[in-house]
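J.: To start, I am sharing the structure in question, which I have written as structure tokens.
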Amino acid sequence: MAHTIIRNCRRCGKQFSPHRANIAQGCGWFCTALCFRESVSPGYGSTRQRLLARRRIDPQTGCWNWTGWSDDAGYGGMSVNGKKGKVSRIAAQEFLGFDPLSGLCVLHHCDNPGCFNPEHLFIGTRTDNMKDMVRKQRGARGENIPQSKLTTRQVLEIRRRNAVGETNNTLAAAFNVVQSTISRIVQRKRWMHV
């Protein structure tokens, strides 16, 4: 009866049972291929080393631009311990002590999604993230929002007609929207950018 051999991974210390064929070949010292690669292959190292090896510093902005894989929005991506994540979040964990389970967001002072310079990153709530987006005038606005019923020209016309005394109810009927929409447009609570 064969007994099971238990070893501790030379990289992460996790206990595992290597395959007999690996032991016979003098291998079986790492619990996964990832642990093996991160321990012995060039280009792999600590998370911090891997981040710094993939940065290109912009001398004008100071941004640390990620040179590895990026998504369609420009956010860098990499794997750490077999889990994929955004580079800005990984950098915030590594350099700022960010807790990824906190439910908080990692935001950019520089508004560059490919940047992971810890001096350009800050931690905030989802509300902070949305306020930052509005302050920097990012995201869909006005007629670029698919649900928008009005155009920029119509909003300007609503404000002009209201300024000369036309009532919100009359304007609502004329533009096929509810009175509260007209009120918010006139008070600049909606379509503030126009």
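The values are calculated or read from the model by the stated rules, or taken from the named source; none is laboratory data. Note that the structure is a prediction, hence the values are computed from the model and not measured. Backbone-built Cβ (ideal geometry, glycine too); neighbour counts: all protein chains shown. Only protein heavy atoms, including side chains, enter the accessible area calculation; ligands, DNA and RNA are left aside. Shrake-Rupley method; radii C 1.70, N 1.55, O 1.52, S 1.80 Å.
J.: May I ask you to list the residues in region 46-74 that are in contact (Cβ under 8 Å) with a residue 24 or more places away in the chain, open to solvent by 70 Å² or more (accessible area, probe 1.4 Å) and either on the phi > 0 side of the Ramachandran plot or not in a strand (DSSP E or B) (or both)?
T.: R48, R54, T61
J.: State which residue is surrounded by the fewest Cβ atoms within 10 Å (Cβ to Cβ) when the search covers only region 119-171 and only residues that are closer than 30 Å to W64 by Cα and aliphatic (A, V, I, L, M).
T.: Of everything passing the filter in region 119-171, A140 is surrounded by the fewest Cβ atoms within 10 Å (Cβ to Cβ).
J.: Going through G77, G142, G82 one at a time, which residue ends up being among the small types (G, A, S), closer than 20 Å to L51 by Cβ and in contact (Cβ under 8 Å) with a residue 24 or more places away in the chain?
T.: G82
J.: Looking at region 30-54 only, could you name the residues that are touching a helix residue (DSSP H, G or I) at 6+ places or on another chain (Cβ under 8 Å) and at pLDDT below 85?
T.: The answer is F30, G43, Y44, G45.
J.: Being farther than 24 Å from G82 by Cα and of a type in the set (S, T, N, Q) is the filter; apply it to region 1-29 and report the residue that is modelled with the lowest pLDDT.
T.: The extreme case among them is Q25.
J.: Considering only residues that are surrounded by 16 or more Cβ atoms within 10 Å (Cβ to Cβ) and within 15 Å of the chain's Cα centre (by Cα), look in region 94-109 and name the one that is modelled with the lowest pLDDT.
T.: Here the answer is F98.
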